[in-house]
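*Asks:* Pasting a structure below so you can have a look.
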Amino acid sequence: MNFLRKFINISLIFLTLIFILGILEEINFFRDVSANFIFPYFLTLLNAPITLFEIFPFIFLISTQFFLYDLIKNEELNLLKKVGLSNLKIVKILFLLSIFIGIFNVIIYYNIASKLKFYYSDIKNNFSNDNKYLAMVTESGLWIKDEVNDKKYIIKSKFINDKFLFENIINEFDSDFKLIKTIQSKKIDISDYNWIVHNPNITIENNTESIDGFIEISSNFNSEKINNLFSNISSFDMFKLYELKEDYKKFGYSTDEITIQLLKLFTTPLFYGTFTIFSIIIMFNFSKNKSLLFHIISGVLLSVIIYYINFIFNSLGNNGKIPVYPSIFFPLFIIFVLSAIGLVNINEK
């Protein structure tokens, strides 16, 4: 089908642009790193598919514009009407096709792309200066590996709330990984890189001392950095997202970002279909004498507006400013209403 060919061709064009821009970024990253020259190209290939997934809605919009422009320019639209295929039927066909592609993208493409993104992040982390600093969430809580002033720390916390870690055990080692002391504390303030450990119990060679007050520990982590470490959820497939959500619940960490990501995936087919209808409305409601460039520019401008509306609402949802579900469904509702208004008297266009 011509629409599918347009969609594939435009996807390949965007993939090429993503690859070129990604190469420049990776070459800049590896500029001061000793690594094989092929690594920037390999990492760009791993990262490009998930980036393409993020812009698929706009690819649908542009593909639909190209498809309909050809129909209008070649007067094939009038021929289709003569055989009983009305504008509304064309809308239905393209809408259902977009939904089908969206389901495929979520179930198959996204899970593959997220795996590649995970490998990308893992490989790149090995070349990062921060590789010796690690933080991860498991069923038992938050685990942090840190290194400051030739001392190594293994920190385990049961849960986090705002800028505080609770139920903590800090094991401090020397450069040879020999245990120096163990610090236990029910509460640690991690708002800064100098952690404030409240009422610690310090054990050195089986002798324990309780301190009524607080001590300070320098760290490479603070609350903001820990939050950022867990923000790249695009590297997790759908199954891993569910596992991570359960771990976050046990840990006391906010699951809003994961919920938003899952909702975005579930609504992706509908988003594709709605964007396709939106593109059809643009093509049918502007003058047929307008150039293809005019239609594309108008579509891109509207896409940018929609993107920022979507981005703002998603950010408000992640920050807890608005409930999670409105942050996803309200932008979709706006596009749906605009599309529904444009469908009025669509057969007369």
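*Asks:* Mind listing just one residue for me: the one in the range 176-204 that is hydrophobic (A, V, I, L, M, F, W, C) and surrounded by 16 or more Cβ atoms within 10 Å (Cβ to Cβ) and, of those, nearest to Ile154 (Cα to Cα)?
*Replies:* Only one residue fits best here, namely Ile183.
*Asks:* Would you please list the contacts, defined by Cβ atoms under 8 Å and residues six or more apart or on different chains, that run from a residue in the range 266-288 that is at pLDDT below 80 to a residue that is outside any helix (DSSP H, G or I)?
*Replies:* Phe284/Lys349; Asn285/Lys349
*Asks:* Just wondering, is there one or more residues in the range 56-65 that are assigned by TED's automatic domain parsing to the domain that holds Ile101, more than 23 Å from the chain's Cα centre (by Cα) and not small (Gly, Ala, Ser)?
*Replies:* Narrowing the range 56-65 to residues assigned by TED's automatic domain parsing to the domain that holds Ile101: 56-65.
The next check asks that each one be more than 23 Å from the chain's Cα centre (by Cα); those that pass are 63-65.
The next check asks that each one be not small (Gly, Ala, Ser); those that pass are 64-65.
For the range 56-65, residues assigned by TED's automatic domain parsing to the domain that holds Ile101, more than 23 Å from the chain's Cα centre (by Cα) and not small (Gly, Ala, Ser): present.
*Asks:* Among the residues of the range 15-39, what is the count of those that are modelled with pLDDT under 85 and either closer than 18 Å to Tyr119 by Cβ or of a type outside the set (Asp, Glu) (or both)?
*Replies:* Here the count works out to 14.
Matching residues to (1) exposed (fewer than 13 other Cβ atoms within 10 Å of the Cβ); (2) farther than 26 Å from Phe294 by Cβ; (3) without any contact (Cβ under 8 Å) to a residue 12 or more places away in the chain:
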site	(1), (2), (3)
Phe7	no, no, no
Ile20	yes, yes, yes
Leu24	yes, yes, yes
Phe29	no, yes, no
Phe39	no, yes, no
Thr51	no, yes, no
Ile62	no, no, no
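*Asks:* Taking only the range 125-141 into account, find how many residues are surrounded by fewer than 16 Cβ atoms within 10 Å (Cβ to Cβ), modelled with pLDDT of 65 or more and outside any helix (DSSP H, G or I).
*Replies:* Looking only at that region, the number is 2.
*Asks:* Only residues in the range 181-208 that are within 12 Å of Ile170 (Cα to Cα) count as the first member; pair them with residues that are of a type in the set (Gly, Ala, Ser) and in a strand (DSSP E or B), Cβ under 6 angstrom, at least 6 apart or cross-chain, and list the lot.
*Replies:* Correct list of pairs: Val197/Ser185; Pro200/Ser185; Asn201/Ser210.
*Asks:* Now a separate question. Of everything in the range 64-77, what is in contact (Cβ under 8 Å) with a residue 24 or more places away in the chain and polar (S, T, N, Q)? Give them in sequence order.
*Replies:* Of everything in the range 64-77, those that are in contact (Cβ under 8 Å) with a residue 24 or more places away in the chain and polar (S, T, N, Q) turn out to be Thr64, Gln65.
*Asks:* Out of everything in the range 310-330 that is of a type in the set (Phe, Trp, Tyr) and within 17 Å of Leu270 (Cβ to Cβ), what residue ends up being surrounded by the fewest Cβ atoms within 10 Å (Cβ to Cβ)?
*Replies:* At the first step, the residues of the range 310-330 found to be of a type in the set (Phe, Trp, Tyr) are 311, 313, 325, 329-330.
Now drop any that are not within 17 Å of Leu270 (Cβ to Cβ), which leaves 313, 325, 329-330.
Working: Phe313: 21, Tyr325: 12, Phe329: 15, Phe330: 15.
Taking the candidates together, the pick is Tyr325.
The values are calculated or read from the model by the stated rules, or taken from the named source; none is laboratory data. A quick note: this is a predicted structure, and the numbers were derived from the prediction, not measured. Counting neighbours? That spans all protein chains shown, and the Cβs are built from the backbone with ideal geometry, glycine included.
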